[in-house]
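> After the structure tokens below, expect a handful of questions from me.
The values are calculated or read from the model by the stated rules, or taken from the named source; none is laboratory data. The structure presented is a predicted model; accordingly, all values stated were derived computationally and were not measured. All Cβ positions, glycine included, derive from the backbone under ideal geometry; neighbour counts span all protein chains shown. Just so you know, the surface numbers come from the protein's heavy atoms only, side chains and all, with ligands and any DNA or RNA stripped out. Shrake-Rupley method; radii C 1.70, N 1.55, O 1.52, S 1.80 Å.
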Amino acid sequence: PDDAARRQRAPGYFEIYAEHAVRYGEVYVNADPGTGELSAVALWFPFTSLIPSPADYEHRVKEATGPAFDRTRELDALLEAHHPLDPHHYLAFLAVRPERQNRGIGSALLDRHHARLDAAGLPAFLESNDPRNRDLYLRHGYSVRSVVHLPDGPPLWLMWRSPIP
């Protein structure tokens, strides 16, 4: 719950998944045309075949999250228990720099991958912990499958998008 601690620890946590997506998933980025600075990223994993866990996950998460390790593992267990088994693509993270939000960048990253999923007849799954993001995903064809909670945490909307022919 500590914003400062989260800002300090989050980069190490996200690095684990970014590295894993480069090996076993798909990474979409948007860069500022003038500076080349990354303004957005989406990490997708194709759950159409078995994907291994990130390398040395337990140790790396413990190192990245420090005192929040137990809570992080609790979150992992909750998400794993509710992750669908049907073949799908999983949007692990979509992030847009705050100063670049509300310009359609996140929507463009979603649209690009959704076009591929629709052509292949594959659904998508994600979790959202923010009402504003949940609403973005609703506009992109997702529906809420369920809502889960960690103790003293925000609601997590588990969302599914069927392919659109």
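> Looking only at residues that are assigned to a helix (DSSP H, G or I) and open to solvent by 60 Å² or more (accessible area, probe 1.4 Å) in the range 42-59, which one is nearest to residue 111 (Cα to Cα)?
Of the residues in the range 42-59, the ones assigned to a helix (DSSP H, G or I) are 57-59.
In the following step, the residues that additionally are open to solvent by 60 Å² or more (accessible area, probe 1.4 Å) were identified as 58-59.
On the way: 58: 33, 59: 35 Å.
Looking at residues that are assigned to a helix (DSSP H, G or I) and open to solvent by 60 Å² or more (accessible area, probe 1.4 Å), I get 58.
> Are any of the residues in the range 112-122 surrounded by 14 or more Cβ atoms within 10 Å (Cβ to Cβ), farther than 21 Å from residue 7 by Cβ and within 12 Å of the chain's Cα centre (by Cα)?
Taking every residue of the range 112-122 in turn, none turns out to be surrounded by 14 or more Cβ atoms within 10 Å (Cβ to Cβ), farther than 21 Å from residue 7 by Cβ and within 12 Å of the chain's Cα centre (by Cα).
> Scan the range 31-54 for residues that are over 18 Å from the mean Cα position of the chain (by Cα) and either over 18 Å from residue 90 (Cβ atoms) or at pLDDT 95 or above (or both) and report the count.
7
> On to the next question. Where the second residue is assigned to a strand (DSSP E or B) and open to solvent by less than 60 Å² (accessible area, probe 1.4 Å) and the first is of a type in the set (Lys, Arg) and lies in the range 119-135, which pairs have Cβ atoms under 6 Å and are six or more apart or on separate chains?
What qualifies is 134/128; 134/157.
> Between residues in the range 60-74 that are open to solvent by 40 Å² or more (accessible area, probe 1.4 Å) and residues that are modelled with pLDDT of 90 or more and hydrophobic (A, V, I, L, M, F, W, C), which pairs lie under 6 Å by C-beta distance while being six or more apart or on different chains?
So the pair list comes out as 60/16; 62/69.
> I'm trying to understand the selection: among the residues of the range 122-136, which are of a type outside the set (A, V, I, L, M) and touching a Phe, Trp or Tyr at 6+ places or on another chain (Cβ under 8 Å)?
Answer for the range 122-136, where residues must be of a type outside the set (A, V, I, L, M) and touching a Phe, Trp or Tyr at 6+ places or on another chain (Cβ under 8 Å): 123, 125, 127, 128, 129, 134.
> Another one. Out of all the residues in the range 82-130, which are small (Gly, Ala, Ser) and not in a loop (DSSP other than H, G, I, E, B)? Quick ask: steps written out before the conclusion?
Initial filter on the range 82-130 (small (Gly, Ala, Ser)): 92, 95, 104, 106-108, 115, 119-121, 124, 128.
Correct list: 92, 95, 106, 107, 108, 115, 119, 120, 124, 128.
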